[in-house]
Structures are given as C-alpha cells and as structure tokens.
Amino acid sequence: MYAIQYGYAYRRLCSLTGSFLPNSSFTPHRGDWQAIVDQGLKALGISAVSVEALSDGGPPAPLPYTFASGYGEWTPDHIAQALEQFEAGKRAIDTSRQAPPLEPEVVEAVMECLDGMRHAHAQPGHGVVGFRF
C-alpha cells in the first residue's frame, strides 16, 4: 500500500542530488513511443541502453516494488558503451554517406537521450534514472 510512496520519495531524493534532464520528447507518452525511440537508437548502432528500460523495472533494493510505478537506470558503464556505439555508428554513416531513414521526431528524441548521456558521462560515476508514475 505504501510502496508507491517510497517511489515518490526516491524520485525526490534523485531530484535533490542529481540534475533534471530535459524529457520533452517523452512526455506525455504516446502509445509505444519508447519502443519506437529504442528502434531509432538501434538504427544508429546503440544497443547498450533502452528507453523502455527506464520505466519497466522496480526501484532499487531495498525499496519495495509496486506495479503502479516504474523505474529504470542507465549505469555509467552502459552510458559509456552507448556513447562509444554512437560514435562508431556515426563514423559508419559518414563513411557510407547513408543515414538510416528516421522520422524527425525520433531523431529529436534520440538526440535528447544522447544529450542526457553526455551530461551524465561528464560527471564521473553518474548515470541516468527514469521514473514512470
């Protein structure tokens, strides 16, 4: 019954100790939008992170799980790997001169993800967390 309150408290703690990252490409959610953005990430060679994973799990232990909310995180290692994958994919696109056909809204959302990852990566030990209530 009180599990969701722990989620809200943890979100508040994260907001006090971290930085809010722009998420205008993701709010409000529209159908399977997160999966579409994940497809865009993969089209650019990025498989180390998933937007859907930022809201599919439960909060970190020992916080209790609740089905009414979602939580996920991209660890510093996953972020570093994703940024390396993006750079490799970018080099491949530059070499072939053929970018994957992505809708402008998907490109905007992917760039928002990359900006957030770069922000976290610039602060050693920092990751990205996501909440869904």
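The values are calculated or read from the model by the stated rules, or taken from the named source; none is laboratory data. Owing to the predicted nature of the structure, the values given are computational and were not obtained by experimental measurement. As a convention, Cβ positions derive from the backbone with ideal geometry for all residues, glycine included, and neighbour counts pool all protein chains shown. Accessible surface areas use protein heavy atoms only, side chains included; no ligands, DNA or RNA. Shrake-Rupley method; radii C 1.70, N 1.55, O 1.52, S 1.80 Å.
Can you pull out the residues in the stretch 56-92 that are in contact with a strand residue (DSSP E or B) (Cβ under 7 Å, 6 or more places away or on another chain), closer than 30 Å to Val107 by Cβ and free of Cβ contacts under 8 Å to residues at least 40 places away in the same chain?
Within the stretch 56-92, Asp56, Gly57 meet the criteria.
Looking at the stretch 12-34, can you tell me whether even one residue there is in contact with a Pro (Cβ under 8 Å, 6 or more places away or on another chain), open to solvent by 40 Å² or more (accessible area, probe 1.4 Å) and either at pLDDT 95 or above or not in a helix (DSSP H, G or I) (or both)?
Taking every residue of the stretch 12-34 in turn, none turns out to be in contact with a Pro (Cβ under 8 Å, 6 or more places away or on another chain), open to solvent by 40 Å² or more (accessible area, probe 1.4 Å) and either at pLDDT 95 or above or not in a helix (DSSP H, G or I) (or both).
In the stretch 87-104, is there at least one residue being touching a helix residue (DSSP H, G or I) at 6+ places or on another chain (Cβ under 8 Å), in a helix (DSSP H, G or I) and surrounded by 17 or more Cβ atoms within 10 Å (Cβ to Cβ)?
no
In the stretch 54-86, what residues are part of a helix (DSSP H, G or I), within 15 Å of Ala120 (Cβ to Cβ) and not polar (S, T, N, Q)?
Correct list: Leu54, Pro76, Asp77, His78, Ile79, Ala80, Ala82, Leu83, Glu84, Phe86.
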